[in-house]
Every structure is written in C-alpha cells, then in structure tokens.
1. Between residue 39 and residue 307, what's the calculated FRET efficiency when r is the beta-carbon distance and R0 is 30 Å? Round to 0.05.
2. PRE reach from residue 87 (point 7 Å along Cα→Cβ): which of the range 13-46 fall under 19 Å by backbone N?
3. How high is the relative contact order of the range 277-347? Use alpha-carbon pairs under 8 Å, at least six apart in sequence, and give a whole percent.
4. Can you list the residues, at least 5 places off or on another chain, whose amide H is less than 5 Å from the amide H of residue 240, using H built in the peptide plane?
5. Placing +1 on the Cβ of each Lys and Arg and -1 on the Cβ of each Asp and Glu in the chain, which of 280, 263, 180 has its Cα farthest towards the positive end of the resulting dipole?
6. Pop out the ³J(HN,Hα) list for the range 82-96 in order, Karplus 6.51 cos²θ - 1.76 cosθ + 1.60 with θ = phi - 60°, rounded to Hz; leave Gly and Pro as x.
7. Could you tell me which of 23, 296, 364 has its Cα farthest along the dipole of the chain towards the positive end, charges placed at Cβ (Lys, Arg +1; Asp, Glu -1), taken about the Cα centre?
8. For residue 298 and residue 216, calculate 0.36 nm times their separation in residues minus their Cα-Cα distance, and state this gained length in nm to one decimal.
Amino acid sequence: MNHNIIELAQNLIRRPSVSPDDQGCQQVIAQRLEQLGFVIEWMPFNDTMNLWAKHGSGAPVVAFAGHTDVVPTGDESQWTYPPFEAKIVDDILYGRGAADMKGSLAAMVVAAEEYVKANPNHAGTIAFLITSDEEAAAKDGTVRVVETLMARGENIDFCMVGEPSSSNTLGDVVKNGRRGSITGNLYIEGIQGHVAYPHLAENPVHKALPFLQELTAYQWDKGNAFFPPTSLQIANIRAGTGSNNVIPGELYVQFNLRYCTEVTDELIKNTVAEMLKKHGLKYRIDWNLSGKPFLTEAGKLVDAVVNGLESVVGIKPKLDTGGGTSDGRFIALMGAEVVELGPLNATIHKVNECVPVADLVALGAVYQRMLVNLLD
C-alpha cells in the first residue's frame with residue numbers, strides 16, 4: 001500500500017489544479033477505480049468537474065469525499081521546492097495540495113483498491129464523490145452533485161471527508177461536525193451633504209453606531225456540548241467619498257456569523273431585522289448562507305473511525321466541530337453521518353505545504369480499517 005499511495009499523491013500534486021481547473025486529476029482517479037469495477041459517472045457543472053463512482057450495491061453506502069482543486073501557490077520563488085514538483089525530502093512530501101487534500105485522496109483510493117481486491121463481493125456500496133470546486137466558489141461542486149443524487153433518490157449512509165483535520169499528530173482530531181456560516185451584507189441609508197451643514201444631511205455612520213454596538217455585543221447562545229457559542233464578526237465596513245468634507249450617503253457593513261445548532265439562519269435574520277427596526281434605520285440587507293451546521297454524534301461511523309485510529313496509530317482522537325466550513329455540510333443534508341479525517345493542517349494554504357510520507361501511509365490503513373468496520 002505504501003508505495004501506491006505516495007506515487008498517486010505525487011501524480012496528483014504534479015497537476016497544477018488551481019480551483020476550479022481539475023487538470024486531469026479526476027481522470028487519473030477514475031481510471032484506477034474503473035479497473036476495480038467501479039461504475040463511473042461524470043457530473044460537470046459549468047467549469048467544474050465532478051466525479052461520482054460506485055462499487056457494489058445496496059446499503060450501507062459508504063462514501064469517500066474530497067476535492068482535487070488547490071489554492072494558488074503565491075510567489076513560487078518563496079517555496080523551498082517547486083510547488084508542483086512533489087519532491088520528497090527527509091520523508092516529507094512537499095507540494096501544493098499535499099495536505100489539502102491530494103494526499104488524503106490518494107490514501108482513500110488505495111484503501112478502496114486494497115479493500116475491494118480482498119473483498120470483491122463486499123456488502124453494501126463504496127462510493128467516491130470528488131469535486132474540483134471546494135477551494136473557490138463551492139457553487140458547482142459537491143452541492144450540485146448532492147442535489148442531483150437526492151433528486152433521483154440516491155442515498156449516502158456514511159461519509160468520510162479527507163479534509164486535513166489533525167493538529168499535532170495524525171488522527172489526534174476528527175471533525176464530527178461544523179458550525180454554520182452566514183454573511184450579512186448591510187447597506188444603511190443616509191443623506192449625503194457637506195460636513196459644515198450637518199442639519200441638511202443625515203450621517204448613516206452616526207445613526208448606525210448604537211445598532212452596531214448592540215449587534216456586536218449580542219449573545220446568541222451559550223453553545224452546547226458539541227459546539228462553542230455562536231460568534232459574530234464584522235469583516236468589512238465602508239462609507240464616504242474619500243473627502244474629509246462630505247457626509248456619506250450610505251454605510252456598508254459586512255458581518256459573518258459562525259453559528260451552532262442552538263440557533264437557525266432564520267432566527268439570525270429575524271433578530272437582525274428586529275434590531276434594525278428598533279434603531280429606526282433605513283436599510284437593505286443581502287444574506288448569503290454558506291452552510292448550515294451539522295453534527296454526527298457517536299454511532300457506527302464515529303466508532304468505525306475511532307477504532308481504525310486506535311488500531312493503526314494507537315491514538316484516541318478528540319471529536320471536534322471547530323474551524324471553517326467544508327463540503328461535509330452539503331453531504332450532511334442527505335441525512336448521512338459525516339466525519340472528517342485527514343493529515344496535519346499546519347501547512348495548508350501556506351508556502352511549503354507538506355505532509356509526512358508515513359502519515360499518508362497510516363491514513364490509508366485507517367480508511368481501509370473503516371471500510372472493514374462498516375462493511376464486514
């Protein structure tokens with residue numbers, strides 16, 4: 001297994017698949033899966049390539065989910081080794097996507113290969129859901145595949161997402177949920193005028209200050225056993241013409257909430273609307289819901305992954321819901337149990353992104369053990 005995972009990871013890293021351009025990565029994976037007897041289905045949407053592949057039939061459906069796209073490299077001269085060369089130095093594999101998440105994809109594919117070769121007539125279905133649209137817009141990737149599958153009545157019971165979840169050592173953290181994310185783009189109306197004649201104008205910045213004070217101080221909830229309290233942060237704020245003698249006619253405020261399962265996106269929208277009304281502001285607001293929160297409590301999938309980590313690397317992971325969003329939020333809409341387990345996240349999106357070779361090998365063994373635990 002060792003050599004296969006590393007060779008496949010290098011092959012994928014050498015393809016500069018900056019989101020959403022797949023650069024043939026999914027073709028490489030599909031060819032390998034097809035040789036195993038997987039049924040391959042391509043689901044392209046706009047400029048995004050998506051792969052849905054299945055082996056076996058019936059329940060349970062165990063899916064591996066991941067993305068072939070990577071973030072841009074930045075200034076390549078800052079890299080010790082070229083970002084798309086996939087060099088191994090002192091048993092560390094360097095390259096854009098090594099940790100996020102071509103290393104995981106390679107481990108998943110080889111784990112499935114090993115399992116299917118040993119169990120050609122396994123129970124249930126093994127599936128792969130792979131997109132090239134996770135790092136950028138996330139509009140034409142996993143979300144569209146999930147919509148398509150749900151529309152035709154297809155189901156996923158258990159899903160492993162290969163996002164880099166580990167903090168200090170491989171497997172010390174498994175994500176069993178994520179907070180929701182919602183952004184408000186708020187435009188508060190005023191009346192533009194000369195700063196020397198404030199009685200002829202209406203400054204939206206001044207008018208909005210009590211509202212902003214309340215918005216930023218508001219306690220949405222206290223969190224729960226799985227999630228920290230909901231948090232709100234103002235991300236951008238803008239007003240004025242750039243001149244020091246003009247009262248602005250509009251104030252733009254962009255804020256984001258990372259919210260737990262104690263509140264809903266509807267409750268958030270309604271609460272903000274009530275605050276704005278209370279402060280007598282003229283406004284318009286555009287909301288963008290990136291994802292609802294999801295949680296996979298202890299059960300078959302969590303047990304299968306925890307057992308895999310304990311038997312392969314001798315570690316009992318911490319179950320955690322922190323961090324940003326992932327494509328797991330879309331798959332959870334299918335009613336699937338979803339967890340995320342992948343390499344160390346210390347270098348993701350950074351110069352000199354890298355992953356220890358031994359970690360990818362161990363990760364493949366954990367994924368294979370998960371299949372054994374769920375299907376045997």
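The values are calculated or read from the model by the stated rules, or taken from the named source; none is laboratory data. Keep in mind that this is a model prediction, so the values were computed, not measured. Using ideal geometry, Cβ is built from the backbone for each residue, glycine included, and neighbour counts are taken over all protein chains shown. These area figures cover heavy atoms from the full protein model, side chains too; ligands, DNA and RNA do not enter into them. Shrake-Rupley method; radii C 1.70, N 1.55, O 1.52, S 1.80 Å.
1. Working: r = 29 Å, r/R0 = 0.97.
Computed FRET efficiency for residue 39 and residue 307: 0.55.
2. Backbone N within reach: 13-16.
3. Values: 28 pairs, mean separation 25.0, N = 71.
Dividing the mean separation by the residue count of the range 277-347 yields 35 percent.
4. For residue 240, the qualifying residues are 249, 250.
5. Highest projection toward the positive end goes to 280.
6. Calculated HN-Hα couplings, in order: x, x, 10, 8, 6, 6, 10, 10, 6, 6, 10, 8, 9, x, 5 Hz.
7. About the Cα centre, the residue reaching furthest to the positive side is 296.
8. On the way: separation 82, 0.36 × 82 = 29.52 nm, distance 3.42 nm.
So the chain would gain 26.1 nm between residue 298 and residue 216.
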